């Protein structure tokens, strides 16, 4: 749920953010957008990516950029919500990576997300690599859970600003073959006060196979309290 | 008994395979202390420390998935998700202890900086993954559970990167070829509950690999 670097400040509820000192890695690495085709992407992955890019031409869908590291600006913005958090040692903080982007190209999660702001849907195309194995030859249930959480989380964040996962309920129907491509389709079902209800399904690219279904509940973070 | 043979097959006495569920330099004092506590219990109280190999394939040597599921080419460089990050201390540092007769597991989990979600805290997905993994090993050893059918997680608090979370897993019942389990993840002092979850796994017997 923390993939996006461009949450509008007013969604966070405060207008004041301090600009912190720069981190010690090169700006090229920091700013590389990983939601774009690379050599590890299979033919199926490129095809579905092109299909979504075509859908984006009329402005209804938009491709979301995705970075390996949480920008320092975001760090300060987010600290407002966790005032009790003890600072992690500086060395390990600078090594931190956004979890689904922490593996090298082709080995882990290769994915790109697209959002439709009119229908409040977020779609994620996913190619799960060889380091995400569970049962031999298949994607680990926890890896699917991670990407479901990231996708429904993105949908919630884009609608509700800073949010936290409260509940995640996943039904696994069929195991996903390792290195295959799937599409996670999520949509915002309803908002009740600070609660956002998002559901999704995981299907094959041709939509003929349903792999999993999930429902989730997100809660908007309150800057005045230390926990949601 | 079949439970004992499942466990002994899973925990080979002699193996060249690297066991990732052993202390290393990245383990914080809490993690080390808890590990020692449970290691003592393996001597006296019937607990078993589970080894953790690079791939689940290594855990089921001599066995194979039933007809229709076995993958033709299972490449040797494939890794289990929870051991995907190889640098010590950067990803999942964890160890699972299992109690065969009580059908319980305890997982000690120390998330590293590559598991970040919100800055300074572990990604919710990383805890979900480790809950699924602990359920998975428990289900397999308690009753040949193989596939995750469902996962229901209620998140309460975020786990700070570098701290230890303890996952307590219980098998609630085994019915209609399914294992029903519950899990609570909390801080060492039990003052903070990180999440509660339930998991259902489908039983499926592995087959002996035919001798060639």
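All of the numbers you see were taken from the coordinates with simple rules; none came from a lab. Everything numeric here is computed off the predicted structure, so don't read it as measured data. All Cβ positions, glycine included, derive from the backbone under ideal geometry; neighbour counts span all protein chains shown.
General observations
- Only one entry in B:141, B:206, B:127 is in contact with a helix residue (DSSP H, G or I) (Cβ under 6 Å, 6 or more places away or on another chain) and in contact (Cβ under 8 Å) with a residue 60 or more places away in the chain, namely B:141.
- For the range A:133-228, the strands (runs of 3 or more DSSP E) that sit wholly inside it and include 2 or more residues that are away from chain B (no Cβ under 14 Å) and surrounded by fewer than 19 Cβ atoms within 10 Å (Cβ to Cβ) are A:181-192, A:195-204.
- The residue that is farthest from the other protein chains (Cβ to nearest Cβ), counting only those in the range A:119-132 that are surrounded by fewer than 21 Cβ atoms within 10 Å (Cβ to Cβ) and over 20 Å from residue A:40 (Cβ atoms), is A:119.
- Filter pass, residue B:105 being within 11 Å of the chain's Cα centre (by Cα), more than 9 Å from chain A (Cβ to nearest Cβ) and on the phi < 0 side of the Ramachandran plot: yes
- Of everything listed in (1) at negative phi; (2) without any contact (Cβ under 8 Å) to a residue 40 or more places away in the chain; (3) surrounded by fewer than 23 Cβ atoms within 10 Å (Cβ to Cβ), the single unmet condition for residue B:163 is (2).
- Just one of the listed residues (B:40, B:116, B:87) is within 29 Å of residue A:98 (Cα to Cα) and surrounded by fewer than 18 Cβ atoms within 10 Å (Cβ to Cβ), and it is B:87.
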